[in-house]
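Read through the structure below, which is laid out as structure tokens, and then see the notes.
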Amino acid sequence: MPLEFNELAEGKILVVEATGTLSKADYEQFVPETERLIKEFGKIRVLFEMHDFRGWEMAGVWEDMKFDLKHFRDIERLAIVGEKAWEHGMTVFCRPFTTAKLRYFDSSKTEDANNWIEEGISQLS
């Protein structure tokens, strides 16, 4: 499966692991889980880790854009962890679609990404 996710900090952090190519079907699983956490906690944090990631199918791009517009203010922090230069560019591309604090980390700095996403979590409302 190209998209796997789990919760940390009692659900205040969603860790998403993406591999391969994301499709509409991936978002049909991801969106309800994410919306459940947002409903429970208000703003959440997302750690998005890419391993051998190839991007999105066209329908997946559309689902991603709809999600981003609907949840523009619901993500407090977004850490993107990747392996390729274009994945780093996603950080710049994502900025207009969220009010989240956004940072990119090379895959060799996954521990730094974890530390940043967890920083001050007890203050998360």
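Rule-based calculations on the coordinates, nothing more; no lab input. Bear in mind the structure is a predicted one, so any value in this text is a computation, not a measurement. Glycine gets a Cβ as well: all are built from the backbone with ideal geometry, and neighbour counts include every protein chain shown.
Quick rundown of the values:
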| quantity | calculated |
| --- | --- |
| Among Phe30, Phe67, Phe93: highest mean-square fluctuation, GNM of the chain, C-alpha pairs under 10 Å | Phe93 |
| Average projected area [Cα convex hull, the chain], square nanometres | 6.8 nm² |
| Rounded to the nearest 20 debye, dipole of the stretch 9-74 from Cβ charges on Lys, Arg, Asp, Glu | 320 debye |
| Reference-scaled alpha-carbon Rg (2.2 N^0.38 Å with N residues) for the stretch 52-123 | 1.16 |
| Hits among lysines - C-alpha to C-alpha of Lys101 under 23 Å, sequence gap 8 or more where chains match | Lys12, Lys39, Lys43, Lys66, Lys70, Lys84, Lys109 |
| Pairwise FRET efficiency - Thr21 versus Leu69, Cβ, R0 = 22 Å, nearest 0.05 | 0.50 |
| Exposure proxy order (Cβ contacts within 10 Å, fewest to most) of Trp56, Trp62, Trp116 | Trp62, Trp116, Trp56 |
| The stretch 3-114, dipole about Cα centre (Lys/Arg Cβ +1, Asp/Glu Cβ -1), debye to the nearest 20 | 580 debye |
| Residue of Ile13, Ile38, Ile80 that the Gaussian network model of the chain assigns the largest fluctuation, springs spanning Cα pairs under 10 Å | Ile38 |
